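So the structure is just underneath, and the comments pick up after that.
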Amino acid sequence: MVKLLIGKKGAGKTKTMLDMANEVVEDSKGSVIFINKNQRLMCDLKHKIRVVCMEDFQHITNSDEYIGFIYGIISSDHDIETVFIDSILKHADIHEDNIPEFLGRLQRISQRYDIEFIVSLSADKEQLNNIDFREFEILN
């Protein structure tokens, strides 16, 4: 399942994701991954959460490479239960035009590997009118 947190910058999406990740890891029998643009949030997450900072992987420049990167994370840990991706529209040239395809690919990965993805999008829902929201659970 892919779950979305949608809203403008400053709406509290990151704080919500931090709280969710810290809560999920307590009951998780597998791994919890938190993908963020930089290392700013590392101290806010419990130590059992694997934090991936995209600044460390600057050569990932498009959605195909990003999906390949996610496959790499999955192949290195077969116990992943939940992946949080904060502010996806700030990563690897993923933007409003290609986000529907990207989310669809995440949905297929989720189904195949039984991984829950929680993704935040810094935009108004109206800006994302090319996304069929019926395919995803909206958390806010």
| query | So, in the range 111-129, of the ones that are at pLDDT 85 or above and among the polar types (S, T, N, Q), which residue ends up least open to solvent (accessible area, probe 1.4 Å)? | reply | 120
| query | So which residues in the range 5-19 are within 13 Å of residue 139 (Cβ to Cβ), open to solvent by less than 50 Å² (accessible area, probe 1.4 Å) and not β-branched (Val, Ile, Thr)? | reply | 5, 7, 12, 13, 17
| Positions within the range 27-45 being modelled with pLDDT of 95 or more and closer than 20 Å to residue 139 by Cβ, in sequence order | 32, 33, 34, 35
| Which residues, counting only those in the range 5-39, are in contact (Cβ under 8 Å) with a residue 60 or more places away in the chain and in a helix (DSSP H, G or I)? | 13, 14, 16, 17, 20, 21
| Considering only residues of the range 67-93 that are over 17 Å from residue 116 (Cα atoms), within 12 Å of the chain's Cα centre (by Cα) and not charged (D, E, K, R), which is surrounded by the most Cβ atoms within 10 Å (Cβ to Cβ)? | 91
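The values are calculated or read from the model by the stated rules, or taken from the named source; none is laboratory data. Note that the structure is predicted; figures quoted are calculated from it, not measured. Because the Cβ atoms are built from the backbone with ideal geometry, glycine has one as well, and the counts that use them run over all protein chains shown. Just so you know, the surface numbers come from the protein's heavy atoms only, side chains and all, with ligands and any DNA or RNA stripped out. Shrake-Rupley method; radii C 1.70, N 1.55, O 1.52, S 1.80 Å.
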